[in-house]
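Since the structure comes first, as structure tokens, the remarks are kept for the end.
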Ligand code: SF4
């Protein structure tokens, strides 16, 4: 999404999907269900003059309800779900020896997945099969949640608010199948389009209140929140992988070595060799596609070797995404990332596997991570 951030012509040509959302809200036969990605809370206030500490996720939820949306959810919930699937998948692939030549790569960034497919097709089989949080949430909304509120999947209209332009294409690619085949997500709007909707609804920011997201997909952990910053997916996955391997939690900050100390630090690459119960796990985190190419070329030449690699196409991760507010010549990704790490530090729960609503989803519906049902709804072929 970077070219859109930096190219005014691209910005003019950007697709606008806000009318689709207004149409769905006006359609009495549709129940409109919205999810809001972690990175959106770090930036939406910039466009309307709210300070980071005033521009909370709760106020985004309030604005959506005032626009007429029926249910609002935080993508942090499904980031925890992605971690459950991806951490279990990693432990399984790692311990089976499947990763002896190449690492497992994260796959929640569609900019990276598209790049891998076109430039490094032989690495595609090493991508995690776990769907991204946006896609997992879409599937959960149209199955588990639809059942809970007594609706059919067709009656549920799902909208994602994302920091990302590539998420619009990801939505078109992903289908899920149960008794119904369809897209998990019906429309994706960016942070900028959200602010546009607030303006056209004449919502004045200083009247917004903090409201909670709805149930039964209410809870989210600090591990899910940091998904929006480079290194966050890796750190969250390692917290849960450690618990799977050892049966107990690590210190919540045990894996902070994978956090970026600035989005340009070390050419956008953070490497860490971790020790989990005597097992050595070599990790790398990279953001920006130029940096990614450098890292992969070194890997292909055998100069570096990893077990698990996180890739985000945008420098700094989704906080620096192409759907975020644009400020001439200013790169705010690092500042926005700090907001997410502060939210994680202050969160009551910091491990995805301790999210009570995720535990309930498995108990009542998905059975367990990597179950047949989880494969059908939460995983994909690349
Ligand atoms: Fe989208 Fe950029 Fe995040 Fe990738 S890193 S998911 S392209 S915002």
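Rule-based calculations on the coordinates, nothing more; no lab input. Not measured: the values here are computed from a predicted model. Here the Cβ positions follow ideal geometry from the backbone for every residue, glycine too, while neighbour counts run over all protein chains shown.
Okay, helix-only estimate at 222 nm for the chain: each DSSP H run of n ≥ 4 adds -39500 (n - 2.57), divide by all residues, round to 500 deg cm²/dmol; what do you get? Kindly include the intermediate steps, with their values, before the conclusion.
Values: 15 runs with 144 residues, N = 382.
Calculated mean residue ellipticity at 222 nm is -11000 deg cm²/dmol.
With a simple spin-label model that places each label point 7 Å from the Cα along the Cα-to-Cβ direction, the separation between residue 275 and residue 180 comes to 5.2 nm.
Taking 8 Å as the Cα distance limit and 6 or more residues as the minimum spacing, I'd like the relative contact order of region 144-217 as a percentage. Could you put the intermediate results ahead of the total?
Working: 55 pairs, mean separation 21.5, N = 74.
Over region 144-217, the number comes to 29 percent.
Over region 283-324, the fraction of Cα-Cα pairs per 5 Å bin, rounded to whole percents and listed from the shortest bin up, is 6, 23, 28, 21, 11, 7, 3, 1. Every pair of different Cα atoms in region 92-145 enters the Kirkwood calculation, which places the hydrodynamic radius at 12.6 Å. Across the chain, C-alpha contacts under 8 Å between residues 6 or more apart give a mean separation that, scaled by the residue count, equals a relative contact order of 26 percent.
Distance between the pseudo-spin-label points of residue 96 and residue 147 (7 Å out from Cα toward the beta carbon): 2.6 nm. The fewest-to-most ranking of 61, 376 by surrounding Cβ atoms within 10 Å reads 376, 61. Using only alpha carbons, the chain has a radius of gyration to Kirkwood radius ratio (Rg to Rh) of 0.94. Normalised by 2.2 N^0.38 Å, where N is the number of residues, the alpha-carbon radius of gyration of region 156-309 equals 1.32. Panel values: region 41-146, Kirkwood radius from alpha carbon pairs, Stokes-Einstein at 10 °C and 1.306 mPa s, translational diffusion coefficient 96 µm²/s. Between region 148-198 and region 308-332, the alpha-carbon centres lie 22 Å apart. Can you list the residues of region 137-181 with backbone N under 14 Å from a point 7 Å past the Cα of residue 29, pointing along Cα to Cβ? Hits in region 137-181 for residue 29 at 14 Å: 152-157.
Calculate, in nm to one decimal, what residue 251 and residue 66 gain on full extension: separation in residues at 0.36 nm each, minus their alpha carbon distance.
Details: separation 185, 0.36 × 185 = 66.60 nm, distance 4.03 nm.
Length difference between fully extended and current span is 62.6 nm.
The modelled label-to-label distance for the pair residue 382/residue 326, using points 7 Å beyond Cα in the direction of Cβ, is 3.0 nm. Once the chain from residue 305 to residue 210 is taken as fully extended at 0.36 nm per residue, the excess over their C-alpha distance is 29.6 nm. For region 322-372, the fraction of C-alpha pairs farther apart than 16 angstrom is 62 percent. As a rough guide to protection, the peptides 197-208, 160-171, 179-190 ranked by mean Cβ packing within 10 Å, highest first, stand as 160-171, 179-190, 197-208. Within region 308-331, which residues have the backbone N less than 19 Å from the label spot 7 Å out from residue 293 along Cα→beta-carbon, could you tell me? Only 311-317 fall inside the zone, counting backbone N under 19 Å.
With the Cα gyration tensor of region 230-373 giving a ≥ b ≥ c as the square roots of its eigenvalues, does the rule (a/c under 1.5 for rounded; else a/b larger than b/c for prolate; else oblate) give rounded, prolate or oblate? Oblate shape, in that a/c is at least 1.5 and b/c is the bigger or equal ratio. Note on region 152-236: semi-axes of the ellipsoid equivalent to its C-alpha gyration tensor, largest first and rounded to whole Å, are 24, 20, 16.
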